[in-house]
Number of protein chains: 2
Amino acid sequence: MLDRVNFQTNKTGELDLLIGERAFWSDFRYLRGAEIFGEAEPAEYVYKIRSGSVRTFKLLPDGRRQIGAFHLPGDIFGVESGEVYRFTAEAIEDTTVWIAKLRRIFGECADENVPASKDVLKLIARSLQHAENHLLLLGRQTSLEKVAAFLTEMDQRLHSPAVMILPMGRRDIADYLGLTIETVSRVFSILERERILSFEGLRHREIVLHSRAKLARLALFSELKLEYRGSRDSNLARGLAV
Amino acid sequence: MLDRVNFQTNKTGELDLLIGERAFWSDFRYLRGAEIFGEAEPAEYVYKIRSGSVRTFKLLPDGRRQIGAFHLPGDIFGVESGEVYRFTAEAIEDTTVWIAKLRRIFGECADENVPASKDVLKLIARSLQHAENHLLLLGRQTSLEKVAAFLTEMDQRLHSPAVMILPMGRRDIADYLGLTIETVSRVFSILERERILSFEGLRHREIVLHSRAKLARLALFSELKLEYRGSRDSNLARGLAV
DNA sequence: CGTCACCTTGACTGTAATCAAACATGGTGG
DNA sequence: CCACCATGTTTGATTACAGTCAAGGTGACG
């Protein structure tokens, strides 16, 4: 699956500090679905996405999956403070990354490399903040709130484009939000019926948001109950009207 | 609520580095239920528990609560890389802490303080690991698996005592696991019926674990379904026999 | 044009939530 | 010392949100 394209050096500048020296970044390419690294493998490299997108996740023995984060162009992932990766990373679509060796932060010579550990701290602190917010979402929010939060997050990370193109499928969204694909699909349909979003073209991954304000309100707190039978939008409309 | 006991200096040794200088730690005491710091408040201090226990949590506007972590004697909490606390912290029971000013890690003079930022990194990395594991639990595990995982975690953190005394009530456990108190209580009852644990004395917070191995297996992966009506342990027994 | 992957929708089920009541515990003050 | 009350836990009955099972649609690609 892994398709190595070339080995030219790339000076990213902003990331040189992370590895403590003028870095030689290599260009790698992964095909859709390819594993970039596996959970519990030695954490040798850090990655920065040039194009494409990546999911990082954990698995239970029976295959249940929890996606911890999506990584988009410009994002750095695979930064660990320990010896091993704590997630598996896979390319969601064909993806190109810059890759570089990460010096062990807790190694004997770590003290020499102050700026590096500062950068690592920043990155890890950002991951922590994201994870902590996600705890609240997974533990205490409804399916509608979860999907609304997901759309709001993606909208912001993609810089609120006129048409948001989601790289990931319903399965990935479901595993990110702790739901099933059917529930995700139903919530999308409800949001479409309520004119909060619409689908552009025929692919259902291209989305136009019609009311970011409503969406953000739903993401944070909604009294909304999904209607599975009976009139389809009585409770829904009530919830959305908040 | 806050009850300041004294202001004597305490040299903890292991934590001096964290604040970058020989530290003057103050002793503070909080009564049961007292707020130690609030979410979004400026993060001025770090705390180390001398006795008692603390919960850190986030709230939704309607009061839904997600507890991110429990902190026990010896634990350090309140370490932030940013300007503000990202959780609220409350004393679960009457609690005594050591408190110290945390130098801003990302301040202008941060470079001078290499060991401190290394310590902060360690602490934050540990928090991140805990949070990431908790994502999988909240998003993809059943009520039984959640409670089993909670008991296993507490057992380990309390060093597997003969009788485990839980400082927190069912409400806290529920808000940690993304469940209700009733569901937590029902799962405890099932585990008692299955002779995996029993309650010591009359308080139902003192627990004896009879099979840590079974519990650990349940925590990671169980086919078990709760039986709410009908014969009480048919499916249960099947699940537990794995 | 047929197959495959992905998405949606419908019918029904089940796990955990909600609503409700009983019981235990522990502290307080009479 | 005990009655009383607030708090916390268990248990039962029922509900509901999301899951499961199943079918059908659509687009991509060979």
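Values as computed for the structure displayed
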{"read-out": "Per residue, the convex hull volume that the Cα atoms of region B:27-186 enclose (Å³)", "value": "124"}
{"read-out": "Exam field: B:Gly82 pseudo-label spacings to other copies (7 Å along Cα-Cβ), nanometres", "value": "2.5"}
{"read-out": "Cα gyration tensor, region A:116-178 - rounded (a/c under 1.5), prolate or oblate", "value": "oblate"}
{"read-out": "Pseudo-label separations to other copies for B:Val208 - Cα-to-Cβ vector, 7 Å, nm", "value": "6.9"}
{"read-out": "Out-of-range pairs (alpha-carbon distance over 24 Å; input A:Lys146/B:Lys146; A:Lys118/B:Lys58; A:Lys48/A:Lys122; A:Lys101/B:Lys118; A:Lys58/A:Lys146)", "value": "A:Lys118/B:Lys58"}
{"read-out": "A:Val163/B:Ser185 FRET efficiency (R0 51 Å; Cβ-Cβ; nearest 0.05)", "value": "0.55"}
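Read the figures in this text as sums done on the coordinates, not as results from a lab. The structure presented is a predicted model; accordingly, all values stated were derived computationally and were not measured. Virtual Cβ from ideal backbone geometry, glycine too; neighbours counted across all protein chains shown.
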